[in-house]
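Novice: For reference, the structure I am asking about is given below.
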Amino acid sequence: MEELSLEDKELIALAKEAIEKNYDGKEFLQTVGAALRCQDGKVFVGVNVYSLHGTCAEQVALGCAITAGERKFETIVAVEGKTGKILSPCGNCRQVLSDYMPEAYVIVSQDGKIGKIKAKELLPLAYHVSC
C-alpha cells in the first residue's frame, strides 16, 4: 500500500463533506460518500442511492465524472457517514473500478493504516469483457 499525498487527504475531506451534507440513515439511507479525482485535477463526489438494487457512492461519483466527459482517473475514496471511516469498495465496485480505472488508486484502510492501492489490485483474476 502506498502512502497518501496531501491531495489524497483533501479528497478524503471532500468525500466526508459529501456525506455529511446528505447523510440520511432513516428515510433514503444515504450512508456513504465518495470523491473521485481525475487526472486533470477535477473532483466529482457522490453518495450511495439505496434501493433494492442500489448504487454505491463510488459508482455515483464515477458516473458523474463520465457524464462530464472525464475518462482519465487518478484516485477515489469512500467514507461511511456516521463515523467518517474509510471504506473498502464492495465486490461490485471493485469490478467497476477495475473496468473503468484499473491504473487509478483507491484509498483504503487496512490493519488500522490508511493508504492507496491500484484498482486492478483489489480484484485479482477479474472478469474482463473482450470485444
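Novice: Restricting to DSSP loop positions (anything but H, G, I, E, B) with no more than 16 other Cβ atoms inside 10 Å of their own Cβ, which trypsin sites (Lys or Arg not before Pro) remain in the stretch 18-103?
Specialist: Values: sites: Lys21, Lys26, Arg37, Lys42, Arg71, Lys72, Lys82, Lys85, Arg94; in loops: Lys26, Lys42, Arg71, Lys72, Lys82, Lys85.
Sparse-neighbourhood loop trypsin sites (Lys or Arg not before Pro): Lys26, Lys42, Arg71, Lys72, Lys82, Lys85.
Novice: Give the accessible area for His53 in Å² (nearest 10); use a 1.4 Å probe, count only protein heavy atoms, and leave out ligands, DNA and RNA.
Specialist: 150 Å²
Novice: Just by accessible area at a 1.4 angstrom probe, what is the order of Met101, Met1 from largest to smallest?
Specialist: On the way: Met101 5, Met1 110 Å².
Ranked list, largest accessible area first: Met1, Met101.
Novice: Go through [x] 43; [y] 40; [z] 75 and flag the label whose value is the computed percent of Cα pairs over 20 Å apart for this structure.
Specialist: Correct label is [y].
Novice: Okay, next question. Return the single residue from Asn92, Asn48, Asn22 with maximal mean-square fluctuation; model: Gaussian network over the chain, springs between Cα atoms under 10 Å.
Specialist: Highest fluctuation of the listed residues: Asn92.
Novice: Can I ask one more? Hey, got a sec? Which chymotrypsin sites (Phe, Trp or Tyr not before Pro) in the stretch 83-131 land in a DSSP loop and have at most 12 other Cβ atoms within 10 Å?
Specialist: Values: sites: Tyr100, Tyr105, Tyr127; in loops: Tyr127.
In loop regions of the stretch 83-131 (DSSP not H, G, I, E or B), the sparsely surrounded chymotrypsin sites (Phe, Trp or Tyr not before Pro) are Tyr127.
Novice: Which of the lysines could be linked to Lys116 by a straight reach, that is with a Cα gap under 26 Å, when you skip same-chain ones fewer than 8 residues away?
Specialist: Lys9, Lys16, Lys21, Lys42, Lys72, Lys82, Lys85
Novice: I would also like to ask the following. Using a 1.4 angstrom probe on the protein heavy atoms only, could you order Asp111, Asp8, Asp40, Asp24 from most to least accessible area? Intermediate values should be presented prior to the final figure.
Specialist: Details: Asp111 145, Asp8 0, Asp40 90, Asp24 35 Å².
Solvent-accessible surface, decreasing: Asp111, Asp40, Asp24, Asp8.
Novice: What ³J(HN,Hα) values, in whole Hz, does the Karplus curve 6.51 cos²θ - 1.76 cosθ + 1.60 give for the stretch 82-96 when θ = phi - 60°, with x put for Gly and Pro?
Specialist: For the stretch 82-96, the Karplus-derived couplings read 6, 9, x, 5, 6, 10, 7, x, 5, x, 5, 5, 4, 5, 5 Hz, x marking Gly and Pro.
Novice: Put +1 on the Cβ of each Lys and Arg and -1 on the Cβ of each Asp and Glu in the chain; which of Gly115, Tyr100, Cys90 then has its Cα farthest toward the positive end of the dipole?
Specialist: Cys90
Novice: In a Gaussian network model over the chain where Cα atoms closer than 10 Å are linked, find which of Ser51, Ser88, Ser109 has the largest mean-square fluctuation.
Specialist: In this elastic network of the chain, the residue with the biggest mean-square fluctuation among Ser51, Ser88, Ser109 is Ser51.
Novice: Report the GluC sites (Glu not before Pro) located in the stretch 11-56 that are in a DSSP loop and have at most 12 other Cβ atoms inside 10 Å of their Cβ, or state none. Spell out each step's value before the answer.
Specialist: Working: sites: Glu17, Glu20, Glu27; in loops: Glu27.
The qualifying sites are Glu27.
The values are calculated or read from the model by the stated rules, or taken from the named source; none is laboratory data. These numbers were taken from a predicted model, which means no experiment stands behind them. Glycine gets a Cβ as well: all are built from the backbone with ideal geometry, and neighbour counts include every protein chain shown. Surface areas here come from the heavy atoms of the whole protein model, side chains and all, with no ligands, DNA or RNA. Shrake-Rupley method; radii C 1.70, N 1.55, O 1.52, S 1.80 Å.
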